[in-house]
Every structure is written in C-alpha cells, then in structure tokens.
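Presented below is the structure to which this report refers.
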Amino acid sequence: MESTIPGLSTIDLPWHELELSVDPFGRLLAAWPGKHPVIVEPVRSFPWSSPTNHIALVDENGVEWGLIPHLEVLNAGPRQMILNALEQRDFVPEILRIVKTEPNSPPCHWTVETNVGPTDFEVISLDDVRRLDSDSVLISDSQGLRYRVSYHQRLDITSRAVLDRYL
C-alpha cells in the first residue's frame with residue numbers, strides 16, 4: 001500500500017485532498033484520491049503547547065504515514081474527523097478539587113473531583129506530578145492515566161496546599 005505521494009515530504013502533501021473515513025470497527029482510514037486506504041491514528045506532536053499543529057498520522061505498525069502541518073490545511077469534514085479522534089485519544093480529566101491524599105508523600109492515594117466526576121488514583125513518585133507551565137500541572141497515576149490542573153491558582157486553598165506539597 002502506498003501511503004504518501006512520491007517526491008513530496010509528508011508535510012508538503014496536498015492535505016486538502018486527503019480522504020478520511022471510518023471502518024466498521026471504528027478505525028480511521030486515510031487515503032489519497034485513487035489510492036488504497038490505510039488505517040491511521042492521529043497523534044499530536046505538541047499536545048499542550050501547539051495542539052492543532054504538527055499532527056502525525058501513524059499507521060497500525062506505528063510508522064508515520066503523514067504529518068499534517070496544521071489542521072487548517074484540511075477540508076472541514078476530515079478536520080472534524082481528526083479532531084474527534086484526537087479528543088478520544090487525548091482525553092485528560094480536569095481536576096477541580098483535591099479532596100485528600102493519603103499519606104502525604106508518594107506512593108499515595110489521591111481522592112479528587114474532576115470535570116467528569118469524582119475519582120481515586122495512586123501516585124507513585126513526585127515525578128508523576130509536574131508543572132506544564134506557570135499555572136498548569138499534569139499528574140500521572142500508577143495506571144498511566146493523566147489528570148490536568150489548568151489553573152492551579154484557581155483551586156480552593158486546601159487543594160492548592162495539597163498540590164504545592166508535590167510541586
């Protein structure tokens with residue numbers, strides 16, 4: 001299966017011609033006009049700092065099939081399909097309140113309220129709680145799930161105090 005157009009780097013491809021569809025199993029298929037479709041998964045190169053630029057399309061073997069320079073080069077239909085796939089892949093609950101952590105240092109059990117409801121998780125190391133920028137924090141749990149605090153200064157005073165212990 002030919003996945004790119006000979007003679008062009010993946011960033012220079014005619015992205016407005018990209019054809020996307022979804023197979024019966026819910027997998028995203030990408031093709032150029034007249035070519036066989038390839039199962040792909042979109043992956044953000046810079047998910048926090050530049051979420052709509054440099055979107056890699058990776059095939060089933062983990063090989064980059066193409067690199068979309070920015071989503072605006074796509075037609076509306078394919079752009080929305082990529083955004084939907086990215087939303088599912090990159091889902092990160094937002095922590096609104098830290099109810100408690102026990103014990104006070106890792107490994108520890110966190111109880112939090114998120115934008116999708118309350119949850120509990122384990123944090124193994126101080127390295128699992130890290131700043132993304134001056135006001136955002138990313139927390140990874142023992143299962144590899146991620147949680148985000150977008151405006152750490154907007155948390156209630158108790159939640160801020162708990163979070164500050166880990167930063």
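Coordinate-derived values only; no laboratory data. The structure presented is a predicted model; accordingly, all values stated were derived computationally and were not measured. Heads up, the Cβs are rebuilt from the backbone with ideal geometry, glycines too, and the neighbour counts pull from every protein chain shown.
Some values worked out for this structure:
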| quantity | calculated |
| --- | --- |
| Positive minus negative residues near GLN143 (Lys, Arg vs Asp, Glu; Cβ under 13 Å) | -3 |
| Note, ³J(HN,Hα) from phi for the range 138-145, Karplus 6.51, -1.76, 1.60, rounded to Hz, x at Gly and Pro | 10, 10, 10, 8, 5, 9, x, 6 |
| Net charge of neighbours whose Cβ lies under 9 Å from the Cβ of HIS152, counting Lys and Arg as +1 and Asp and Glu as -1 | +1 |
| Gain in span if fully extended, GLN143 to THR158, counting 0.36 nm per residue against the direct Cα distance | 2.8 nm |
| Among 17-23, 52-58, the order from most to least packed when residues are scored by Cβ within 10 Å on average | 52-58, 17-23 |
| For LEU132, residues with placed amide H under 5 Å, excluding near neighbours | VAL137, LEU138 |
| Inter-label distance, nm, simple model (7 Å from Cα along the C-beta direction), SER150/VAL58 | 2.6 nm |
| Taking the convex hull of Cα positions in the range 10-89, its mean projected area over all directions (nm²) | 5.1 nm² |
| Given 13 as the ceiling on other Cβ atoms within 10 Å, longest exposed-site-free region of the chain for chymotrypsin sites (Phe, Trp or Tyr not before Pro) in DSSP loops | 92-150 |
| Computed FRET value (nearest 0.05) for LYS35 with HIS70, which takes r as the C-beta separation and R₀ as 30 Å | 0.85 |
| Cα gyration tensor, the range 95-166 - rounded (a/c under 1.5), prolate or oblate | rounded |
